[in-house]
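Engineer: Below you will find the structure I want to go over with you.
The values are calculated or read from the model by the stated rules, or taken from the named source; none is laboratory data. Keep in mind that this is a model prediction, so the values were computed, not measured. Counting neighbours? That spans all protein chains shown, and the Cβs are built from the backbone with ideal geometry, glycine included. These area figures cover heavy atoms from the full protein model, side chains too; ligands, DNA and RNA do not enter into them. Shrake-Rupley method; radii C 1.70, N 1.55, O 1.52, S 1.80 Å.
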Amino acid sequence: MLTNQTAVVTGGSRGLGRAIARKLAEDGANIAILYAGNEAAAEETCALLAETNVMAKAYRCDVSDYEATKAAIDQILADFGQIDILVNNAGITRDSTIRSMKEADFDAVIDTNLKGAFHMIKHCYGHFLRRRCGRIINITSVSGLMGNAGQANYSSAKAGMVGLTKAVAKELGGRGITCNAIAPGFIETDMTDALSDKVKEAAVESIPLRHMGKPEDVANLALFLAGEGASYITGEVIRVDGGLGM
Ligand code: NDP
């Protein structure tokens with residue numbers, strides 16, 4: 001059980017982040033979620049988490065902003081007293097072929113998905129080191145493992161998260177801190193809802209299990225990686241993709 005532990009989940013207002021926050025809360029963890037701007041969704045998540053009788057708070061914070069993430073971590077430490085689990089889940093897409101991809105679309109995806117994770121790890125680093133414990137879980141994507149046409153920015157950011165995960169695992173392993181990554185395939189959230197029916201049908205065709213995943217499928221693995229049973233696993237990237245990335 002994660003009772004008396006605190007988990008920070010970026011992008012916890014919706015989709016995978018909400019499901020992960022909920023799963024960790026059901027196991028007893030207090031939860032701090034970060035979100036970009038969707039106040040109503042963040043409040044809804046907090047209300048769901050409150051049903052599990054844990055402490056839950058939402059912080060509006062752009063993970064691509066170094067100073068804002070520092071302030072958020074400081075505030076979370078003041079509010080909760082400690083951080084035990086960090087889930088770097090916040091992410092965006094700005095899909096297009098390279099021919100029409102604007103520089104700003106490349107930068108935004110790198111800054112949010114990759115640099116955002118770096119910022120969060122950077123600001124939790126000292127706290128984790130002092131306590132000689134901490135679980136870091138980065139949400140990457142099969143797109144970062146296989147590459148995906150029309151997602152040069154997103155695949156680059158997600159591949160970068162794989163490198164980040166392994167570097168952090170090596171750097172912090174000696175202090176009892178683990179860092180792992182989850183690589184989801186197609187999961188039913190607002191992000192994939194935005195895809196056309198044609199793209200979704202083609203995606204399902206290419207998934208050996210022949211259906212999209214649910215946010216809970218990813219949350220189940222996050223719970224395992226946060227728990228006692230995963231204490232000897234670090235630097236690992238685990239797909240939750242119905243076999244897509246084989
Ligand atoms: P959603 O679009 O459903 O939710 C995105 C979440 O990230 C929201 O909570 C949003 O906050 C938050 N967010 C976005 N930008 C920022 C930012 N700059 N700062 C802080 N928070 C931010 O995405 P999913 O749940 O589908 O995806 C979650 C993660 O999983 C992403 O990293 C995504 O790349 C990855 N993933 C998803 C897959 C899928 O099939 N769905 C497959 C593989 C990976 P707000 O609500 O305020 O907008």
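Engineer: Do we find that GLY134 is more than 10 Å from the ligand (Cβ to nearest atom), surrounded by fewer than 18 Cβ atoms within 10 Å (Cβ to Cβ) and under 26 Å from THR6 (Cα atoms) in this structure?
Structural biologist: Spelling it out, it is not the case that GLY134 is more than 10 Å from the ligand (Cβ to nearest atom), surrounded by fewer than 18 Cβ atoms within 10 Å (Cβ to Cβ) and under 26 Å from THR6 (Cα atoms).
Engineer: Of the numbered conditions (1) outside any helix (DSSP H, G or I); (2) open to solvent by 40 Å² or more (accessible area, probe 1.4 Å), ALA90 fails exactly one; give the number of that condition.
Structural biologist: (2)
Engineer: Please find, within region 1-29, the residue that is surrounded by the most Cβ atoms within 10 Å (Cβ to Cβ) out of those that are at positive phi and within 15 Å of the ligand (Cβ to nearest atom).
Structural biologist: The residue in question is GLY11.
Engineer: Now for a separate question. How many of the residues in region 177-198 are in contact with a Gly (Cβ under 8 Å, 6 or more places away or on another chain), assigned to a loop (DSSP other than H, G, I, E, B) and open to solvent by less than 70 Å² (accessible area, probe 1.4 Å)?
Structural biologist: 3
Engineer: Of LYS158, LYS115, which residue is open to solvent by less than 70 Å² (accessible area, probe 1.4 Å) and either of a type in the set (D, E, K, R) or in contact with a Phe, Trp or Tyr (Cβ under 7 Å, 6 or more places away or on another chain) (or both)?
Structural biologist: LYS158
Engineer: Which of the following residues is in contact (Cβ under 8 Å) with a residue 12 or more places away in the chain, away from the ligand (no atom under 11 Å from the Cβ) and either touching a strand residue (DSSP E or B) at 6+ places or on another chain (Cβ under 6 Å) or open to solvent by 60 Å² or more (accessible area, probe 1.4 Å) (or both): GLU216, GLU171, GLU201, GLU205?
Structural biologist: Values: GLU171 fails: in contact (Cβ under 8 Å) with a residue 12 or more places away in the chain; GLU201 fails: in contact (Cβ under 8 Å) with a residue 12 or more places away in the chain; GLU205 fails: in contact (Cβ under 8 Å) with a residue 12 or more places away in the chain.
Among GLU216, GLU171, GLU201, GLU205, only GLU216 is in contact (Cβ under 8 Å) with a residue 12 or more places away in the chain, away from the ligand (no atom under 11 Å from the Cβ) and either touching a strand residue (DSSP E or B) at 6+ places or on another chain (Cβ under 6 Å) or open to solvent by 60 Å² or more (accessible area, probe 1.4 Å) (or both).
Engineer: Go through region 39-64 and give me each residue that's open to solvent by less than 70 Å² (accessible area, probe 1.4 Å) and within 18 Å of the chain's Cα centre (by Cα).
Structural biologist: ALA41, ALA42, THR45, CYS46, LEU49, ALA56, ALA58, TYR59, CYS61, VAL63, SER64
Engineer: Return the residues of region 59-77 that are aliphatic (A, V, I, L, M) and near the ligand (Cβ under 9 Å from one of its atoms); say none if nothing qualifies.
Structural biologist: VAL63, ALA68
Engineer: Now for a different question. Select from region 219-246 the residues that are in a helix (DSSP H, G or I), out of contact with any strand residue (DSSP E or B) (no Cβ under 6 Å at 6 or more places or on another chain) and small (Gly, Ala, Ser) and list them in ascending order.
Structural biologist: ALA219, GLY229, ALA230
Engineer: If the requirement is being aromatic (Phe, Trp, Tyr) and touching a residue at least 60 places away in the same chain (Cβ under 8 Å), which of these qualifies: TYR125, TYR154?
Structural biologist: TYR154
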